[in-house]
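The values are calculated or read from the model by the stated rules, or taken from the named source; none is laboratory data. Here the structure is a predicted model, which means the values were calculated and not measured. Every residue, glycine as well, gets a Cβ built from its backbone with ideal geometry; the counts of neighbours run over all protein chains shown.
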Amino acid sequence: MSIQIRDLHKSFGEKVVLAGFSAEAREGETLVILGGSGTGKSVALKHVVGLLEPDRGEVVVDDQVVGELAGEELFELRRQVGYVFQFAALFDSLTVADNVAMGLRRVGGLSESEIGDRVTECLELVELAGFENRSPAELSGGQRKRAGIARAIASRPRYILYDEPTTGLDPLTKAVIDRLILRTRDELGVTGIMITHDMDSAFRVADRFAMLYEGRCRFFGTPQELRTSEDPVVRSFIEGRPELLEEGE
Amino acid sequence: MTRFVLQPFVAIGRGSAVLAVGVGRWGTLVAETVRAARHLDIWLRLLIPQMARVGVDSVPIALFVALFTGIVLSVQASYTFTGAVPMYFVGVLVGKTMMLELGPVLTGLALSGRVGANIAAEIGTMRVTEQIDALETLAYPPMAYLVLPKVLAGVIMFPVVTALAIGMGISAGLVTSVQLLDMTVLEFNRGLMLFFEPFDVTFAMIKALSFGFVVTTIGCMFGFHTRGGAEGVGDATTRAVVVSSMVILVLDAFWAVTLL
């Protein structure tokens, strides 16, 4: 039960986004991928569920190469993976409850009352009980992100991918979401990948870090190793001091 | 000087490339939509709501357009025929024109604005807000969930709305002829039935069905290929309406040449 990103290359036209990025999320751990805005973190994440196809390299989930899956096999893989989008990507035309139930209805095997119970349970877990009949437009930014997390965990996935889940939120809401990510790891035992450039949040949830820089993995290691890294690129990023990068060059 | 001379050729080349890309994308979308038909469990329950959105909600605008078209046709026919052609030919002109041309074409153009724009804006917004990616991660094929119900609704409901519009246009022509042109109902009906062929109805329905197909598929195509934010959605919506209107006019000529 791990996610391995191996030598991933991806370009859009002339723009090279990933140039040999590798990282691994080990079983039961949360890997945090760091990197500045526009460095290709979301692009890397989308390869994990086959939303993008790599130009070269591969992503291996549960010993399956994602790029080689199609049809029902890809459907089965996606059943195992919850995806929390940066701006939640809730369906505007559906209520919060229907958003959360969407994946459950697709998977099948549950009656409507069982789906209702699961939806209530997930919304309680993200502290959104009572919001079932609201539309996404009626939610605040933090509530939308929590509803997105509820949708991602509803089908009890083995893996969860978080795309900047705390960006743009107030410190209190960030802490709530970080706690939620830790709970999903500890209580549901999921393996996760979170991408962020929010260092406070990253240190709270990470078991391991990978830093994406110029399309490649610049650093891979534990939080302790990250803190003691001598690499000026890593230091300048985690300390928010661009002058270290200039000195390094 | 050379640049000035070459400019039209460059423009034609670029235009041709854009057209080829567009046709390719449209063909791919149609092929994927056909393949998505196997996901009956996904699209079937969405079909009725889409038929209501595409068809029932479009009836008022289609009837409004047809009402005034029928009035104008009868008055203009009377103006043209007075003293030269028997007045019951007003019924001939209103009936034939509404069935063969204006009923399907004006309804198609009105619905390309209403339905095509709506589809492109909805799917375009879903694209730029990652809702389509979210659908895929939840294992819903977007073609089965978003495209197929809309295309089927268009193919089914455009003919229905067109038939209602034709009925409204002819009725408006009849009332105008009786109230303003001193004709009797019998005279109008005599003209209406004089050159009527059952094929006229078939022809109108074939046109309406094809217009429903192109308006919905073109709207979906531009929605799916939306890039950027609100500006991209606006651009996709405008292109969907312009292109589907142009294709309706081309198809209109195509059916006239091939079927009449």
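Which one of these is closer than 30 Å to B:Pro141 by Cα, under 20 Å from the mean Cα position of the chain (by Cα) and β-branched (Val, Ile, Thr): B:Val56, B:Val34?
Only one candidate qualifies: B:Val56.
Go through (1) under 20 Å from A:Pro165 (Cβ atoms); (2) under 19 Å from the mean Cα position of the chain (by Cα); (3) not polar (S, T, N, Q) for A:Val59 and report which single condition fails.
Going through (1) under 20 Å from A:Pro165 (Cβ atoms); (2) under 19 Å from the mean Cα position of the chain (by Cα); (3) not polar (S, T, N, Q) one by one, A:Val59 breaks only (1).
Take the residues in region B:28-51 that are under 8 Å from B:Leu148 (Cβ atoms) and small (Gly, Ala, Ser), then tell me which one is surrounded by the fewest Cβ atoms within 10 Å (Cβ to Cβ).
The qualifying residue surrounded by the fewest Cβ atoms within 10 Å (Cβ to Cβ) is B:Ala37.
Starting from region A:82-106, keep only residues that are under 15 Å from A:Gly116 (Cβ atoms), then list their pairs with residues that are basic (Lys, Arg) and outside any helix (DSSP H, G or I) whose Cβ atoms are within a distance under 8 Å, requiring at least 6 positions of separation or different chains.
What qualifies is A:Thr95/A:Arg134; A:Val96/A:Arg134.
Note down all Cβ pairs under 6 Å where the first residue falls in region B:123-145 and is more than 7 Å from chain A (Cβ to nearest Cβ) and closer than 19 Å to B:Thr226 by Cβ, the second is of a type in the set (Gly, Ala, Ser) and buried (at least 23 other Cβ atoms within 10 Å of the Cβ), and they're at least six residues apart or on different chains.
Every condition considered, the pairs that remain are B:Ile123/B:Gly223; B:Gly124/B:Gly223; B:Gly124/B:Ala236.
Being more than 9 Å from chain B (Cβ to nearest Cβ) and not small (Gly, Ala, Ser) is the filter here, so list the residues in region A:106-120 that pass it.
Of everything in region A:106-120, those that are more than 9 Å from chain B (Cβ to nearest Cβ) and not small (Gly, Ala, Ser) turn out to be A:Leu110, A:Glu112, A:Glu114, A:Ile115, A:Asp117, A:Arg118, A:Val119, A:Thr120.
The conditions are (1) within 14 Å of another protein chain (Cβ to nearest Cβ); (2) crowded, with 19+ Cβ neighbours inside 10 Å; (3) among the polar types (S, T, N, Q), and A:Ser93 fails exactly one of them. Which is it?
All conditions are met except number (2).
Identify, please: which residue in region B:156-167 is buried (at least 22 other Cβ atoms within 10 Å of the Cβ) and aliphatic (A, V, I, L, M) and is, among those, farthest from B:Thr216 (Cα to Cα)?
B:Ile166
Kindly indicate which of B:Thr217, B:Thr237 is surrounded by 19 or more Cβ atoms within 10 Å (Cβ to Cβ), more than 12 Å from the chain's Cα centre (by Cα), of a type in the set (S, T, N, Q) and assigned to a helix (DSSP H, G or I).
Just one listed residue meets the conditions, B:Thr237.
Quickly run through region A:162-176 and pick out the residues that are of a type outside the set (Gly, Ala, Ser), on the phi < 0 side of the Ramachandran plot and surrounded by fewer than 23 Cβ atoms within 10 Å (Cβ to Cβ).
Passing the criteria: A:Thr167, A:Leu169, A:Asp170, A:Pro171, A:Leu172, A:Thr173, A:Lys174, A:Val176.
Criterion first (within 14 Å of chain B (Cβ to nearest Cβ), on the phi > 0 side of the Ramachandran plot and modelled with pLDDT of 90 or more) does A:Ala101 satisfy it?
Answer is no for this residue.
Quick grid of which residues meet (1) within 15 Å of the chain's Cα centre (by Cα); (2) modelled with pLDDT of 95 or more; (3) surrounded by fewer than 21 Cβ atoms within 10 Å (Cβ to Cβ); (4) at positive phi:
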{"site": "B:Leu63", "(1), (2), (3), (4)": "yes, yes, yes, no"}
{"site": "B:Leu67", "(1), (2), (3), (4)": "no, yes, yes, no"}
{"site": "B:Leu73", "(1), (2), (3), (4)": "no, no, no, no"}
{"site": "B:Ala77", "(1), (2), (3), (4)": "no, no, no, no"}
{"site": "B:Pro86", "(1), (2), (3), (4)": "no, no, yes, no"}
{"site": "B:Gly91", "(1), (2), (3), (4)": "no, no, no, no"}
{"site": "B:Val94", "(1), (2), (3), (4)": "no, no, no, no"}
{"site": "B:Gly103", "(1), (2), (3), (4)": "yes, no, no, no"}
{"site": "B:Ser112", "(1), (2), (3), (4)": "yes, no, no, no"}
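Which residues, counting only those in region B:169-212, are within 23 Å of B:Ser244 (Cα to Cα) and loosely packed, with under 13 Cβ neighbours inside 10 Å?
B:Thr202 - this is the single residue of region B:169-212 that is within 23 Å of B:Ser244 (Cα to Cα) and loosely packed, with under 13 Cβ neighbours inside 10 Å.
Identify the residue in region A:59-90 that is of a type in the set (Val, Ile, Thr) and in contact with an Asp or Glu (Cβ under 8 Å, 6 or more places away or on another chain) and, among all such residues, is farthest from the other protein chains (Cβ to nearest Cβ).
Checked region A:59-90; the qualifying residue farthest from the other protein chains (Cβ to nearest Cβ) is A:Val65.
If you go through region A:42-87, how many residues are among the small types (Gly, Ala, Ser), modelled with pLDDT of 90 or more and more than 17 Å from A:Ala23 (Cβ to Cβ)?
2
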